[in-house]
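K.L.:
I'd like to ask some things about the structure below.
The values are calculated or read from the model by the stated rules, or taken from the named source; none is laboratory data. Worth saying up front: this structure is predicted, and the values here are computed from it rather than measured. Here the Cβ positions follow ideal geometry from the backbone for every residue, glycine too, while neighbour counts run over all protein chains shown. Side chains included, ligands, DNA and RNA excluded: accessible areas come from the protein's heavy atoms. Shrake-Rupley method; radii C 1.70, N 1.55, O 1.52, S 1.80 Å.
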Amino acid sequence: MPPKQGPTFQSIMQDLKNKNFAPIYMLMGEESYYIDQISGYIAEHVLSPEERDFNQTICFGSDVTAVQVADMARRYPMMAEYQVIIVKEAQNIRSLEALEKYLKNPVKSTILVWCHKNGKIDARKKIVGLAQAVGVVFESKKLRDYQLPDFIQSYLKERKVSIDPKACQIIADHIGADLSRLTSELDKVLISLPADNLMVTPEVVEKEIGVSKDFNAFELRNAIVQKDCFKANQIVKYFDNNPKAGSLYSFLPLLFSYFQSLMIVHYSPRKNTEQDIAAALDLRNTWGAKDFVIGQKNYSARKTMDIISKIRDIDGKSKGLDNPNTGAGDLMKELIFFILH
């Protein structure tokens, strides 16, 4: 039986801040960032520094068994309200029978944090239902590319900083969905901002992250949307001469995502206004919808379909399929020429 809809990262963090602790936090999934944030908060905030010496244990799945973890969990805290056990890389523990037995009668003064990364535990296994019955089961999912701007805005807003939409998209396109790296780069930007101007602009991004405000994935996508051949070719040439600035492999998903969404718009019953398009694509606001208003005029449904097919073809060639020696730069030029002509 699949697990019921679980708690969100935000709801878990709110409960932790309110000191509403559960006997077990089963954290699993592909995105390590949220797992690290939850386990890190518990490690830093449940016990005082003095209490941690005797009541906090951090171990790794490659070094312990479920039997050993269960035995530790059954102990009682020394001169503290709780003991905390954090099992990192818990996916390396194979047999979970001892943990299943423990979860049928967990010790209320123990907070067990089970960090299972790089995938999730099969929801049909007893361990998931048992953990869910007495504590928190959380799946940490990778964010999709279209969710990154919202994540960036929220992350900065919590720190009382705003960001220009273009700067936001440049960062999202350049760094991608590795949230640990993304937040690290955002923290670097935050430190650089003067106290009297807490606004992230494309100029700040260029200076602090090293992404050109004029030659980047956002501007290439924009040139393609506008069907600006001169600008698109300028950017491709820049990337060809500066491989570290961008590569074919990072742009293909971006272009595929745009034209895939444009195809949805073409076949939507209502597509005349930015509000219609935002609704069709499930966008949170209409800021990105204008690109699809322009795209409908510059690319017919038939051309859009051909472009999607061409992107798939170039993707295959970039991985060596039917392509003995054409380099990534030439493949990119071939794709851009096909799109714009």
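K.L.:
Can you tell me which of Tyr249, Tyr299 is surrounded by fewer than 20 Cβ atoms within 10 Å (Cβ to Cβ) and either over 24 Å from Arg144 (Cα atoms) or out of contact with any helix residue (DSSP H, G or I) (no Cβ under 6 Å at 6 or more places or on another chain) (or both)? First the steps, then the outcome.
P.N.:
Details: Tyr299 fails: surrounded by fewer than 20 Cβ atoms within 10 Å (Cβ to Cβ).
Step by step, each of Tyr249, Tyr299 is checked, and only Tyr249 is surrounded by fewer than 20 Cβ atoms within 10 Å (Cβ to Cβ) and either over 24 Å from Arg144 (Cα atoms) or out of contact with any helix residue (DSSP H, G or I) (no Cβ under 6 Å at 6 or more places or on another chain) (or both).
K.L.:
Further question on the same structure: Going through Glu185, Glu219 one at a time, which residue ends up being open to solvent by less than 50 Å² (accessible area, probe 1.4 Å), touching a Ser or Thr at 6+ places or on another chain (Cβ under 9 Å), in a helix (DSSP H, G or I) and not hydrophobic (A, V, I, L, M, F, W, C)? Reasoning before the result, please.
P.N.:
Working: Glu185 fails: touching a Ser or Thr at 6+ places or on another chain (Cβ under 9 Å).
Selected residue: Glu219, the only one of Glu185, Glu219 that is open to solvent by less than 50 Å² (accessible area, probe 1.4 Å), touching a Ser or Thr at 6+ places or on another chain (Cβ under 9 Å), in a helix (DSSP H, G or I) and not hydrophobic (A, V, I, L, M, F, W, C).
K.L.:
Looking only at region 252-296, count every residue that is open to solvent by less than 50 Å² (accessible area, probe 1.4 Å), in a loop (DSSP other than H, G, I, E, B) and either touching a residue at least 24 places away in the same chain (Cβ under 8 Å) or out of contact with any helix residue (DSSP H, G or I) (no Cβ under 7 Å at 6 or more places or on another chain) (or both) and tell me the total.
P.N.:
Within region 252-296, residues that are open to solvent by less than 50 Å² (accessible area, probe 1.4 Å), in a loop (DSSP other than H, G, I, E, B) and either touching a residue at least 24 places away in the same chain (Cβ under 8 Å) or out of contact with any helix residue (DSSP H, G or I) (no Cβ under 7 Å at 6 or more places or on another chain) (or both) number 1.
K.L.:
A further question on this structure: Find all pairs meeting these conditions: Cβ atoms under 8 angstrom apart; at least six residues apart or on different chains; first residue within region 323-341 and in contact (Cβ under 8 Å) with a residue 12 or more places away in the chain; second residue open to solvent by 90 Å² or more (accessible area, probe 1.4 Å).
P.N.:
Qualifying pairs under 8 Å: Ala328/Tyr249.
K.L.:
Out of all the residues in region 96-130, which are more than 15 Å from Val69 (Cα to Cα), of a type outside the set (A, V, I, L, M, F, W, C) and open to solvent by 30 Å² or more (accessible area, probe 1.4 Å)?
P.N.:
Answer for region 96-130, where residues must be more than 15 Å from Val69 (Cα to Cα), of a type outside the set (A, V, I, L, M, F, W, C) and open to solvent by 30 Å² or more (accessible area, probe 1.4 Å): Lys108, Lys117, Asn118, Lys120, Asp122, Arg124, Lys125, Lys126, Gly129.
K.L.:
Within region 165-172, can one find any residue that is surrounded by fewer than 14 Cβ atoms within 10 Å (Cβ to Cβ) and either at pLDDT 90 or above or hydroxyl-bearing (Ser, Thr, Tyr) (or both)?
P.N.:
no
K.L.:
Now, a different point. Tell me the residue from Lys290, Lys271 that is within 25 Å of Pro165 (Cβ to Cβ), under 26 Å from the mean Cα position of the chain (by Cα) and among the basic types (Lys, Arg), please. Break it down stepwise before answering.
P.N.:
Working: Lys271 fails: under 26 Å from the mean Cα position of the chain (by Cα).
Just a single option satisfies the conditions, and that option is Lys290.
K.L.:
In region 75-100, how many are among the charged types (D, E, K, R) and under 32 Å from the mean Cα position of the chain (by Cα)? I'd like the intermediate steps shown before the answer.
P.N.:
Step one: list which residues in region 75-100 are among the charged types (D, E, K, R), which gives 75, 81, 88-89, 94, 97, 100.
Keeping just the survivors that are under 32 Å from the mean Cα position of the chain (by Cα) gives 88-89, 94, 100.
Final tally of qualifying residues: 4.
K.L.:
Return the residue satisfying two criteria in turn: it lies in region 61-72 and is closer than 17 Å to Leu112 by Cβ and under 32 Å from the mean Cα position of the chain (by Cα), and of such residues it is surrounded by the fewest Cβ atoms within 10 Å (Cβ to Cβ).
P.N.:
Step one: list which residues in region 61-72 are closer than 17 Å to Leu112 by Cβ, which gives 61, 63-72.
This time we only want the ones that are under 32 Å from the mean Cα position of the chain (by Cα), so: 61, 63-66, 69.
Working: Gly61: 20, Asp63: 12, Val64: 18, Thr65: 15, Ala66: 22, Val69: 23.
The selected residue is Asp63.
K.L.:
Only one of Ala195, Ala133 is in a loop (DSSP other than H, G, I, E, B), open to solvent by 20 Å² or more (accessible area, probe 1.4 Å), hydrophobic (A, V, I, L, M, F, W, C) and farther than 24 Å from Ile336 by Cα; which?
P.N.:
On the way: Ala133 fails: in a loop (DSSP other than H, G, I, E, B).
Only one candidate passes the filter, namely Ala195.
K.L.:
For residues that are surrounded by fewer than 16 Cβ atoms within 10 Å (Cβ to Cβ) and basic (Lys, Arg), scanning just region 228-246, find the one that is modelled with the highest pLDDT.
P.N.:
So the residue we want is Lys237.
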